[in-house]
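The values are calculated or read from the model by the stated rules, or taken from the named source; none is laboratory data. Quick caveat: nothing in here was measured; it's all calculated off a predicted structure. Positions of Cβ are backbone-derived with ideal geometry, glycine not excepted, and every protein chain shown enters the neighbour counts. To get the accessible areas, we keep the full protein, side chains included, count just its heavy atoms, and leave off ligands, DNA and RNA. Shrake-Rupley method; radii C 1.70, N 1.55, O 1.52, S 1.80 Å.
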Amino acid sequence: MTTPALTSIFAPASTPAKSIVDLSFFVLTITGIIFVVVAALLVYAVVKFRGRAADAGKEPPQVYGSTQIEVAWTVVPILVVVILVAATARVIHAIQDAPQPPSALEVTVIGHQFWWEYRYPQLGIVTANELHIPVSDPTRPRPTFLTLLSADTDHSFWIPQLSGKTDLIPNRINRMWIDPQRTGLFLGQCAQYCGTQHAKMLLRVSVDSAEDFDAWSTSQQQAAADSSTVVDGRRAFETAACINCHTIRGTVANGRFGPDLTHLMSRATIASGAAENTAENLRSWLQDPDAIKPGSLMPAMKLSDAELDALVRYMQSLR
Amino acid sequence: MASDAMAIHGAQIDRPTWGETLHVWVTTVDHKRIGLLYILYALLFLVIAGIEALVMRIQLLSAHNDFVSPQVFNQMFTMHGTTMIFFVAMPILFGFGNYLVPLMIGARDMAFPRLNAFSFWLSAVSGFVLYFSFLGGSGLYGAGSAPDVGWWAYAPLTARAFSPGSSSDYWTIAVLVSGLGSVATAVNLIATILCMRCPGMTLGRMPLLTWLYLTMSLMVLIGLTPLSAAQLMLLADRYLGAHFFDTQAGGSATLWMHFFWIFGHPEVYILIIPCFAFMSEIIPVFSRKPIFGYPVMVGATVCIAFVSMSVWAHHMFTIGMNSYANTFFMITTMAVGVPTGIKIFNWLGTMWGGRIQFKTPMLFAIAFLFQFLIAGLTGIMMAAAPFDWQLSLSYFVVAHFHYVIVGGILFALFAAFYYWYPKVTGRMLSERLGQLHFWLFVLGFHITFDPMHFAGLLGMPRRIYTYEPGRGWDAINLIVSIGALIQAVAILVFVVNLILSYWKGARAGKDPWDAWTLEWSVSSPPPAYNFASIPTVASRRPLWDEKHPDDPDSRYE
Amino acid sequence: MTAAPALSIPVTPASDPSPAWRLPDRGKVGMMCFIIAESAIFTIFVVAYLFYLGKSLTGPTPRDVLETPIFYTVCLLSSSVTIHLAVKRLTRDGSLSFLLLWLLTIVLGGLFMYGTAQEWRRLIYEHGLTISTNLFGTTYYSLVGLHAFHVTVGLVMLTVVLLLGLAGRIRVAQSARVDVLSMYWHFVDVVWVVVFTVVYVIGR
């Protein structure tokens, strides 16, 4: 894995995230002023009006209220609220109602327990867990518009540096968009509790240059690599029921329950970010998924050592 | 006379046996005893839910820790939240209400004493039902145990397909039954306040505590019941094959969310309003002035009650509602901040020009004001929906609501304990232990919940049993966990104070704080019948009128 | 703090409450509160019903299978009239007419339940509509069923009062409590007006 960067919401790399940061500074300034003023008054009151020994037994003037003061400290907050509402409504509209330009890349994200499925309808690509999208030059924008669906329970897609989060809810279609303006790897994770392994439903978004993205998508569009050198592994895959859940394009495997494995080796991690994509981790995962991600929905297939080795070799051929 | 002999020679009095005492307490219909039962019950569950929090904080001390499995962690946050809301906060606040309201309105008991007892036992049993899930939740498939679906139990995670076994049913039934108990207590409080005030106590002359409990109880009637309805629907889904939240059959997961939060948001106001009540009684007494702006305080509270019914979907800003819906809920959420702020200003106005006594109740009250102010302001931040698209479902919102619940509600409860303990027991709580409790708890509270905001700003979502190292979350989580341990110590000091002072505390007398409402006119503890004769009042502060016959409130109101 | 001075709050002897000091009856207030809470529950079921109108993926629609139960609705709503008259008679100590009107109320309510049972029988056996058939089945049976449950509870309470009345235990002194019970019965009828409108008028 590359060194993860701080996923601070204050380090935006995309327009929605940037609009949110700008709004947040405005809101923080106003609430900051309110805090300073009210806290200062509180501190002053506590210090100035503390009961002194000399006053023991004497009651201070019994003041019941003041209509003018009440009006003042009702009107001022209402004005503050009006200002905040106006500023916020603008940003809501700008982000949510942004029209989709013809240049936009469309990706359908389907949330599963506990991994992410990505489909690129315009490109005929199906992949999992690591999202590749092109960088968006502000002068010639190429945003990515995401359609969010769920195959089971609720999830939430959250990459703090790219956008606020939007939930994936079964039987509902949600939409969001991002236009990352610099290349790089952006991290996040599922933000809506979805079951046992919610914590390890990690997100990796690779923002590529136009050339890199074209290269990546071309290779993703191909069927699985030739497997003549790993025939025993492929046979193990086909007989051990793997094909019921997984798809490897160009073979008989076309299951939809688990991630598409056609180009498994193009990914840096397995199990949706739970482990690095190394031979050792692959073997460990195949032997007992619960060792890496306890409660994940992949069963341990109870394979022999020989089968495991063969399978790992086969997996590693899926570039 | 035999009775004289008993009075003089104490040793000749027959002390009740343990069995007799137990019988008295189990069969009591006296509002004071029932109030105490609620409070003790809640304190027990406070400790249990606190332990659940500590388990989570130990697990989160470092990245990839394995103190507990993900299954156990997920049960911990579900049980912690469910217990704290339904089996700590609700019972303890109803307990205080039960004890204080009849005394403060000059009545002998609540309107329906037997219903009162029934409500308590209903709530008590439901708490044990919830915890029985640890043993019995395996149900049909040997799966589950304690519920692990989060305290909101979002659909379709609670459907049979995703929650086999009975763990979700324990959550549903326990919370449903306790909800019935809460509604019954609310009915009781409303009938008591409207129908049993002593002569002269018009609605405009009753203590603010009573106004706020009246408002809170009305909110319970229409705020708690949506959850009960939704839970009946969930049970129908799980047991009768209904499809209310069955997304495979066209059902809607968001419908559960709407129903839940139509309950969930008023619920948090139901919890905070009694705490406003405590503050409105305590701050005046320790500032030696009447509450500033009594009518405005009433109006603001009623305003909060109404507006808070219209804000619920600010818990759902991320579910993909359209921009008009998001804007509407943003507006109402910002709006509810106005009457809430007005209350803070009025407490400030009460202290202003006063002679503040820094006894323990007032220390907790002052901390409440600072902390509730901050909590309200982070709430305003999240009302700005786009900002909430980042902050929601992260540790920022966890920090916000703990700031309200611990920094606001719990601090107000501590103030209430130190203030009314003398009335209930006849003994003062130790000031020295109280100060120790206060400063330790303030320290621990801020060490935990101040940095927690930053974990959210750095992208840490909630409800995760572990996290990746190197995200900038490691040090923050360590500090947060240390603060939790400090708070645990502070609670220990509090419990020691409660127990020790019961036997060793200074005798309190009727009115140790020189206060002004009717409960301070009877002995400490009050007799079973509360008042020898039902009093008549002529102002909001009947005892002030008594102590200052030359300058009574009745002249100015 | 100063020591609290001896207190002597002016008291009025409990046996002579000031005649001007009258507060509402707690039975009525309690029942009103209960009705408010129950209304909130029904509202949620009505909202679910309306939300899911037209959203069933399969199966019979309301238009296909529902028949408007005019007669049984008239029975139920008339029972509100009879119970109101019964309570009035009781306040004027008309024991026999109270019992007759009370009995008539129970009969009318029982007819309504019979009508509901008939309808459900027809829906289940002739049209195959159950709570698990589709969203319409789910919301229909739960809403109408919740109401029917409330009618049943009401009938039980009314019967208890009838039996006590037959045993001579219901007199003028009990009229306030009986009136409170009648408030519940009126509530059940009002709910039926809403349910009827939503299910048989709007929903079809």
Points 7 angstrom from Cα along the Cβ direction at B:Lys504 and B:Asp550: gap in nanometres?
4.4 nm
Specify, per residue and in Å³, the volume enclosed by the convex hull of the alpha carbon atoms belonging to the protein assembly as shown.
197 Å³
In degrees, nearest 10, range 0 to 90: what is the angle between the Cα axis of helix A:305-316 and the longest Cα principal axis of chain A?
70 degrees
Before I look further, what does chain A give for accessible area per residue, probe 1.4 Å, in whole square angstrom?
43 Å²
Under a crude label model (7 Å from the Cα following the beta-carbon direction), how far is A:Ala306 from C:Gln174 in nanometres?
8.8 nm
Please calculate the 1.4 Å probe accessible area of C:Tyr114, with all protein chains present, and give it to the nearest 10 Å².
120 Å²
When the solvent-accessible surface of protein heavy atoms is calculated with a 1.4 angstrom probe, in what order do B:Tyr213, C:Tyr72 fall, highest first?
C:Tyr72, B:Tyr213
Protection proxy ranking of B:271-284, C:133-146, B:528-541, C:48-61 - average other beta-carbon atoms within 10 Å, highest first:
B:271-284, C:133-146, B:528-541, C:48-61
Let me make sure I get this right: for chain C, a, b and c are the square roots of the gyration tensor eigenvalues over alpha carbons, sorted descending. Under 1.5 in a/c it's rounded, otherwise prolate if a/b > b/c, else oblate. Which is it?
oblate
Expressed as a rounded percentage, what relative contact order does the range A:136-252 have, with Cα pairs under 8 Å and six or more residues apart?
20 percent
Around B:Val29, what is the net charge, scoring Lys/Arg as +1 and Asp/Glu as -1 over all other residues with Cβ under 13 Å from its Cβ?
+2
Between A:Leu168 and residues 5 or more places away or on another chain, which pairs have amide H atoms under 5 Å apart, with H built 1.01 Å from N, and which residues are they?
A:His155, A:Ser156, A:Phe157
At 1.4 Å probe size, with the rest of the protein present, what percent of the exposed accessible area of the protein assembly as shown is carbon and sulfur atoms?
67 percent
B:Asp246's amide H: which non-local residues (gap 5+, or another chain) put their own amide H closer than 5 Å, with H modeled 1.01 Å from N in plane and none for Pro or chain starts?
B:Gly251, B:Ser252
If ligands, DNA and RNA are left out, what is the accessible area of A:Asp305 with a 1.4 Å probe, given in Å² to the nearest 10?
90 Å²
Interface A:B - total buried accessible surface [probe 1.4 Å, Å², rounded to 100]:
7700 Å²
Going by alpha carbons, how many degrees (0 to 90, nearest 10) lie between the helix axis of C:175-196 and the longest principal axis of chain C?
30 degrees
Return the subset of A:Lys58/B:Lys510; A:Lys18/B:Lys343; A:Lys58/B:Lys504; B:Lys32/B:Lys359; B:Lys289/B:Lys423; B:Lys289/B:Lys504 for which the Cα-Cα distance in this structure is over 29 Å, preserving the input order.
A:Lys18/B:Lys343; A:Lys58/B:Lys504; B:Lys289/B:Lys504
Using only Cα atoms, locate the centre of the range B:435-491 and the centre of the range C:150-204, then give the distance between them in Å, rounded to an integer.
55 Å
Can you tell me what share of the DSSP beta bridges in the protein assembly as shown is antiparallel? A percent to the nearest 5 is fine.
70 percent
To the nearest 10 degrees, how steeply does helix C:26-51 sit against the main Cα axis of chain C, on a 0 to 90 scale?
20 degrees
Beyond 33 Å, the calculated P(r) of the range B:33-555 holds a percent of Cα-Cα pairs equal to 39 percent
What are the DSSP H helices in chain B that stretch 30 Å or more along their long axis, judged by alpha-carbon atoms, and whose average Kyte-Doolittle hydropathy comes to at least 0.0?
B:31-59, B:113-136, B:167-195, B:253-287, B:323-351, B:360-383, B:431-457, B:474-504
Order of exposure, largest accessible area first, which applies to B:Met110, B:Met84 with probe 1.4 Å
B:Met84, B:Met110
With +1 on the Cβ of every Lys and Arg and -1 on the Cβ of every Asp and Glu, the dipole magnitude of the protein assembly as shown about its Cα centre, in debye rounded to the nearest 20, is 2100 debye
The range C:27-202, accessible area per residue, ligands and nucleic acids excluded (1.4 Å, Å²):
46 Å²
What is the calculated FRET efficiency for A:Tyr64 to A:Asn254, with r their C-beta to C-beta distance and R₀ = 60 Å, to the nearest 0.05?
0.15
If you take the square roots of the eigenvalues of the alpha-carbon gyration tensor of the range A:120-192 and sort them as a ≥ b ≥ c, do you get rounded (a/c under 1.5), prolate (a/b over b/c) or oblate?
prolate
Placing each pseudo-label 7 Å from Cα in the direction of the beta carbon, B:Leu44 and B:Ala475 end up separated by a distance in nanometres of 4.4 nm
Output wanted: per-residue J couplings in Hz (rounded whole) for the range A:104-114, from phi through Karplus 6.51 cos²θ - 1.76 cosθ + 1.60, θ = phi - 60°, x for Gly and Pro.
5, 8, 9, 10, 9, 9, 10, x, 10, 7, 9
Which of A:Ser103, A:Gln122, A:Thr15, positive extreme of dipole for the range A:1-135 (C-beta unit charges):
A:Thr15
Give the separation of the Cα centroids, the range A:94-155 to the range A:156-233, in Å.
8 Å
Note on the range A:114-251: alpha-carbon gyration tensor, axes a ≥ b ≥ c; rule is a/c under 1.5 for rounded, else prolate if a/b larger than b/c, else oblate; result oblate
Ordered by number, the residues of the range B:385-403 that have at least 20 Å² less accessible area in the complete protein assembly than on their own chain alone (1.4 Å probe) are B:Pro386, B:Phe387, B:Trp389, B:Gln390, B:Leu393
Please list, in order along the range A:127-135, the HN-Hα scalar couplings obtained from phi with the Karplus expression 6.51 cos²θ - 1.76 cosθ + 1.60 (θ = phi - 60°), rounded to whole Hz, x for Gly and Pro.
9, 8, 6, 10, 9, 10, 9, x, 5
Sorted by accessible area (1.4 Å probe), largest first, how do A:Ser317, B:Ser69 line up?
B:Ser69, A:Ser317
Those chymotrypsin sites (Phe, Trp or Tyr not before Pro) from the range A:2-43 that are DSSP loop and have at most 15 other Cβ neighbours within 10 Å turn out to be A:Phe10
Please give the per residue accessible area of chain B, computed with a probe of 1.4 Å over protein heavy atoms only, in Å².
31 Å²
Once accessible area is computed for C alone, B alone and the pair with a 1.4 Å probe, the total buried surface, to the nearest 100 Å², works out to 3800 Å²
Report the Cα centroid-to-centroid distance between the range A:18-44 and the range B:169-210 in angstrom, as an integer.
37 Å
Residues of type lysines that A:Lys302 reaches as a straight line, Cα spacing below 19 Å, ignoring anything fewer than 8 places off in the same chain:
A:Lys293
Which lysines have a Cα lying under 19 Å from the Cα of C:Lys88, excluding residues fewer than 8 positions away in the same chain?
C:Lys28
Scalar couplings 3J(HN,Hα) for the range B:525-542 by Karplus 6.51 cos²θ - 1.76 cosθ + 1.60 (θ = phi - 60°), nearest whole Hz, x for Gly and Pro, are x, x, x, 4, 8, 6, 10, 4, 10, 5, x, 10, 10, 10, 7, 6, 10, x
Interchain or long-range residues, amide H under 5 Å from B:Phe292's placed H:
B:Thr350
Zone reached by a paramagnetic label modelled 7 Å from C:Thr58 Cα along Cα→Cβ, restricted to the range B:208-248 with backbone N below 13 Å, covers B:248
